[in-house]
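Visitor: Just passing along the structure, written as structure tokens.
The values are calculated or read from the model by the stated rules, or taken from the named source; none is laboratory data. Keep in mind it's a predicted model, so treat the numbers as computed, not measured. Here the Cβ positions follow ideal geometry from the backbone for every residue, glycine too, while neighbour counts run over all protein chains shown. Side chains included, ligands, DNA and RNA excluded: accessible areas come from the protein's heavy atoms. Shrake-Rupley method; radii C 1.70, N 1.55, O 1.52, S 1.80 Å.
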Amino acid sequence: MRLVAIAGSIGEQSYNRMLLQFMADYYKDLVQIDLVDIDDVPVFNEDDDLSNSEAVQKVYQKVFGADGVILATPEHNHTVPAAMKNVIEWLSYKLHPLDGKPVWVVGASYFNQGSSRAQLHLKQILESPGVNAIVMPGNEFLLRNAKEAFDDNGQLKDEGTVKFLDSIIQKFIKFVKVIDMLDAPDPKTYKDEDLESKGKVNTTIEGVDMNDEHWVEKAAEKVHAVEGGTYVKLDRGLLTVDQLNYFLKTMPVELTFADDNNQFIYYNKSLPTEKMLAPRRPGQAGDPLGSVHPGRAVDHVKQVIHALRTGESDLVSMPVPGNGPDRHIMHYYKAMHDENGRYRGVNEWVVDIMPIIKYYLAVTGKKLVDDPTATPISPITGVDVTSGASAKAPETDATSGASEEPQSEPKQPEVDTTSGASEEPKPEPKKPEVDATSGASEN
Amino acid sequence: MKKFIAIVGTNAKKSTNRTLLQYMKKRYAASAEIEIVEVAGLPLFKKTKEMLVPQYAKEIAQKIDVADGVIIGTPEYDHSIPAILSSALAWLSYGMHPLLDKPVMITGASYGALGASRAQAQLRQILDSPEIKARIMPSSEFLLGNSLKAFDEDGNLNDQEQSEQLDGLFKDFLLFTDISNQLNHANVTNEKEMNNFSWDEGSSRREEEK
């Protein structure tokens, strides 16, 4: 979880900034808190839209990307400092990063009131429709007599105060998780899955037509996406965007990312469209899933997504029928979740598993024989089904324009059509290089 | 004749709050001189060790000092007054106190139906703070909703009832200005307290607060 924290005053010795700095250090094992500076943000003026200025964008990006926001306000004239209000005006004009965002208001002040009135004003401001933040109710934290509150190392001196802060930050972390769940689409049945992506989730990039052929470029510009040699911190490692691309493009599978709003936002473009097992075009990235599937496939796509979203299944494995005995093309759909367990979309990979099977047979000296006792399994749940129950198995991905019929008998693929990619790479079972360290040589 | 300073609470070029104040200036020209003052151009309020105040804020403070009262016309941004107006009020209470015991009338215009009601409520609390301590005319909200349609081509209020209400409120404000001048028994102590006011302490009466 990542929080951003903003102290509401500029250009002075700020006890609110000290408070946030203390929290960032003290709770660093619990949650990452990044302090955001607002000193350079220009005066809001609707006649001079600086939403795209560096200073406003810097704050916007940080807030937009955060799971939650902590605002620390002093009290000037019974209200929040103009500098803090000014930032919120920018973040409620053309940009709306606080929309639906969990916010915790705290405040430090020199005197006894501890910014109580400023906090109330700030809460009213945050709840206005243009801002639309979700402010944590109750749990006021007012640090009074701030001058005496910290020791020389910036630590809060009073044990009781720290304990109180402990209890609230734990609650806020829970609050962030709960609010995040509010953002998650919750279709009641598979029929309610919205393949037109009309809703939005907190990662949805608004203001760009999803069906635009240049969605990637336009959306990237909108969010100031990084590219090229810029480093991205990952769990677990550090890569530049270029390195990430090298890595994903050489995966031995065709990868696709559809988010929890059912928007197709990425594929790894490892091969030209005509060579792909499930052909995708560069212009399709960004499309709602409904736009990249023919109408007849929609019901099945919905079933697969719904099973993944609801947890009925974590992995759906679907064979593409009709590719002859030398190919067995599989579409796998894996549910993705965030650290809180919220469903965040489908990781789909397409792969021909015959080369792997042939390699295995060659290396082990085994062969395939029919098993008269084999029973069909459900592609969705992966468990045995009685023959009647599997009649409605979802169709495999249809961006490929592939399968005409829902397939329930993976053992008997019909020869077909689909993947015009007949120049399938032949496995070379004759010369397997046995690598002792890989453990591949056990037989 | 009374002299009032009318503060336009926004830096937007197009503002129905400015239109309303211009209307008042014209309509009440016989009973008061109203000078319209802009807050556009003021920097965001910022505390410094030297307590620097921008020249323009000082000029506004001088105008207010010699005026009989102040009218503030505020729009509503995010349920509150614009940051630029908040900033202006902070400057006008930073090491100086032109608004101390000064009669203030609040008006508000908004494109929507509510007429900046929530911004006006916050503005009252702000003007009542120990750093400012203005004398806000009580029970006197003037909320001009749907303000884009409120004026005719000559900048006059279309609605008879609304213009009568404003006439009444303005007459009251003239009277309130006179009464305020008689509410002077605490002026000296207020002034003294204000001179002792410390932004760092948030109070001028530290002993009592502790």
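Visitor: Given a cut-off of under 8 Å on Cα pairs at least six residues apart, what relative contact order in percent is computed for chain A?
Guide: Reported relative contact order: 11 percent.
Visitor: Restricting to the protein assembly as shown, compute how many DSSP beta bridges are antiparallel as a %, nearest 5.
Guide: The answer is about 45 percent antiparallel.
Visitor: How high is the FRET efficiency from residue B:183 to residue A:40, r the C-beta distance, R0 51 Å, rounded to 0.05?
Guide: 0.70
Visitor: What shape does segment B:52-180 have by the C-alpha gyration tensor, where a ≥ b ≥ c are the square roots of the eigenvalues, rounded means a/c under 1.5, and otherwise prolate means a/b greater than b/c and oblate the rest?
Guide: Numbers: a/c = 1.91, a/b = 1.47, b/c = 1.30.
Verdict is prolate for segment B:52-180.
Visitor: Cα-Cα over 20 Å: which of B:13/B:102; A:62/A:222; B:49/B:133?
Guide: Pairs exceeding the cut-off: B:13/B:102; B:49/B:133.
Visitor: Shielding of A:121-132 by partners, i.e. mean partner chain Cβ atoms within 10 Å per residue?
Guide: 4
Visitor: Another one. With the crude spin-label approximation of a point 7 Å out along Cα→Cβ, what separation in nm comes out for residue A:28 versus residue A:242?
Guide: If labels sit at residue A:28 and residue A:242, their model points lie 3.2 nm apart.
Visitor: Using the Kirkwood radius built from alpha carbon pairs, what does the Stokes-Einstein equation give as D for segment A:2-183 at 25 °C and 0.890 mPa s, in µm² per second? Before the final figure, lay out each step's value.
Guide: Values: Rh = 16.4 Å.
Value of D from the Cα-based Kirkwood radius: 150 µm²/s.
Visitor: Related question: Take segment A:244-350, drop everything but the C-alpha atoms, weight them equally and run the Debye formula without solvent; then report log10 I(q)/I(0) at 0.14, 0.19, 0.21 Å⁻¹ to two decimals.
Guide: -0.57, -1.08, -1.30
Visitor: Something else about it: May I ask for the angle, rounded to the nearest 10°, between helix B:55-66 and the longest principal axis of chain B, with both axes built from Cα atoms and the value confined to 0 to 90°?
Guide: So the helix axis and the longest Cα principal axis differ by about 80 degrees.
Visitor: Among rounded, prolate and oblate, which fits the protein assembly as shown when a ≥ b ≥ c are the square roots of the eigenvalues of its C-alpha gyration tensor, a/c under 1.5 means rounded, and a/b larger than b/c means prolate?
Guide: The shape class here is prolate.
Visitor: Next question. Once label points are set 7 Å from the Cα along Cα→Cβ at both residue A:339 and residue A:139, what is their separation, rounded to one decimal in nm?
Guide: Output for this residue pair reads 1.6 nm.
Visitor: What accessible area per residue comes out for the protein assembly as shown, rounded to a whole number of Å², with a 1.4 Å probe?
Guide: For the protein assembly as shown, the per-residue accessible area is 49 Å².
Visitor: Kindly work out what percent of the DSSP beta bridges joining two residues of segment B:2-209 are antiparallel, to the nearest 5.
Guide: Values: 3 of 25 bridges.
Taking every DSSP beta bridge within segment B:2-209, about 10 percent pair in antiparallel fashion.
Visitor: So if I place +1 on the C-beta of Lys and Arg and -1 on the C-beta of Asp and Glu, and nothing else carries charge, what would the dipole magnitude of segment B:1-60 be about its Cα centre? I want it in debye, nearest 20.
Guide: On the way: 12 positive and 5 negative charges, 35 e Å.
Taking the Cα centre of segment B:1-60 as origin, the dipole is about 160 debye.
Visitor: Further question: Probe 1.4 Å, all protein chains in place: accessible area of residue A:96 in Å², nearest 10?
Guide: My reading of the accessible area for residue A:96 is about 80 Å².
Visitor: Right, something else. Once the dipole of segment B:2-209 is set up with Lys and Arg at +1 and Asp and Glu at -1 on Cβ about the Cα centre, which of B:115, B:64, B:142 lies farthest towards its positive end?
Guide: After comparing all options, I get B:64.
Visitor: Taking a 1.4 Å probe, which of A:232, A:63 shows the most accessible area, and what order do the others take after it?
Guide: Correct descending sequence by accessible area is A:232, A:63.
Visitor: A further question on this structure: Determine how large the accessible area of residue B:189 is when every protein chain is in place; take a 1.4 Å probe and give Å² rounded to the nearest 10.
Guide: Here the residue's solvent-accessible area equals roughly 80 Å².
Visitor: What's the longest uninterrupted piece of chain A once you rule out the trypsin sites (Lys or Arg not before Pro) that are loop residues per DSSP with at most 12 other Cβ within 10 Å? Don't skip to the end; give the middle numbers.
Guide: On the way: sites that count: A:28, A:157, A:188, A:198, A:236, A:366, A:367, A:411, A:430.
By the stated rule (loop sites, at most 12 other Cβ atoms within 10 Å), A:237-365.
Visitor: Which helices, taking whole DSSP H runs in chain A, have alpha carbons extending 30 angstrom or more along the helix axis plus mean Kyte-Doolittle at least -1.0? Don't skip to the answer; put the middle values down first.
Guide: Details: long enough: A:159-183 (36 Å, 0.54).
Counting only whole DSSP H runs, the qualifying helices are A:159-183.
Visitor: What list of ³J(HN,Hα) couplings, whole Hz, do you get for segment A:206-211 from phi and the Karplus terms 6.51, -1.76, 1.60, once you set θ to phi - 60° and write x for glycine and proline?
Guide: Once rounded to whole Hz, the list reads 8, x, 10, 5, 4, 8.
Visitor: Turning to a different aspect of this structure: Can you list which of the GluC sites (Glu not before Pro) found in segment B:1-67 are DSSP loop residues with at most 11 other C-beta atoms within 10 Å?
Guide: B:50
Visitor: To continue, here is another question. Per residue of A:91-97, what is the mean number of Cβ atoms on other protein chains within 10 angstrom of that residue's Cβ?
Guide: 1
Visitor: Probe radius 1.4 Å, ligands and nucleic acids left out: can you give me the accessible area buried at the B-A interface, summed over both chains, in Å² to the nearest hundred?
Guide: Counting protein atoms only, the buried area is about 2900 Å².
Visitor: With angles folded into 0 to 90 degrees, how steeply does helix B:117-127 sit against the dominant principal axis of chain B? Use alpha carbons for both and round to 10.
Guide: 30
Visitor: Then there is this: Could you work out how far the C-alpha centroid of segment B:1-68 sits from that of segment A:296-370, in angstrom?
Guide: Centre-to-centre distance over Cα atoms comes out at 70 Å.
Visitor: Could you tell me which of rounded, prolate or oblate describes segment B:1-97, using a ≥ b ≥ c as the square roots of the eigenvalues of the alpha-carbon gyration tensor, with rounded for a/c under 1.5 and, failing that, prolate when a/b is larger than b/c and oblate otherwise?
Guide: Taking the square roots of the gyration eigenvalues as a ≥ b ≥ c, segment B:1-97 is oblate.
Visitor: Also, I was wondering about something else. Mind giving me the nanometre distance, one decimal, between the label points for residue A:233 and residue A:147, set 7 Å out from Cα along Cα→Cβ?
Guide: Inter-label distance under the simple model: 3.7 nm.
Visitor: Normalised by the number of residues in chain B, what is the relative contact order in percent for Cα pairs under 8 Å and 6+ residues apart?
Guide: Taking the mean separation of contacting Cα pairs over the length of chain B, I get 19 percent.
Visitor: For Cα pairs less than 8 Å apart in space and 6+ apart in sequence, what is the mean separation divided by the residue count of segment A:1-100, i.e. the relative contact order in percent?
Guide: Contact order relative to length: 38 percent.
Visitor: Let me ask you something else. Rounded to the nearest 20 debye, what is the charge dipole size of the protein assembly as shown about its Cα centre when +1 sits on each Lys and Arg Cβ and -1 on each Asp and Glu Cβ?
Guide: Charge dipole, the protein assembly as shown, about its Cα centre: 940 debye, nearest 20.
Visitor: While we're on this one: Counting only other chains, and only Cβ atoms inside 10 Å, what mean value do you get across the residues of B:87-93?
Guide: 3
Visitor: Whenever you get a sec, compute what percent of the accessible area on segment B:59-158 sits on carbon and sulfur atoms (1.4 Å probe). It would help to have the intermediate numbers written out before the result.
Guide: Working: 1560 of 3300 Å².
Percent of accessible area from carbon and sulfur atoms in segment B:59-158: 47.
Visitor: Here's something else I'd like to know. Express in whole angstrom the spacing between the alpha-carbon centres of segment A:159-176 and segment A:188-202.
Guide: So the two Cα centres are separated by 35 Å.
Visitor: Another question about this same structure. Normalised radius of gyration for segment A:202-392, please: alpha carbon Rg relative to 2.2 N^0.38 Å, two decimal places.
Guide: 1.16
Visitor: Quick check: with the 1.4 Å probe, what order do A:298, A:105 take by accessible area, largest first? List each step's numbers first, then the result.
Guide: Working: A:298 35, A:105 5 Å².
Heavy-atom accessible area, descending, gives A:298, A:105.
Visitor: Among B:41, B:130, B:88, which residue has its Cα positioned farthest towards the positive end of the charge dipole of segment B:2-209, with +1 placed on the Cβ of Lys and Arg, -1 on the Cβ of Asp and Glu, and the dipole taken about the Cα centre?
Guide: The residue sitting most towards the positive pole is B:41.
Visitor: In square angstrom, rounded to the nearest 10, how much accessible surface does residue A:15 have for a 1.4 Å probe?
Guide: 30
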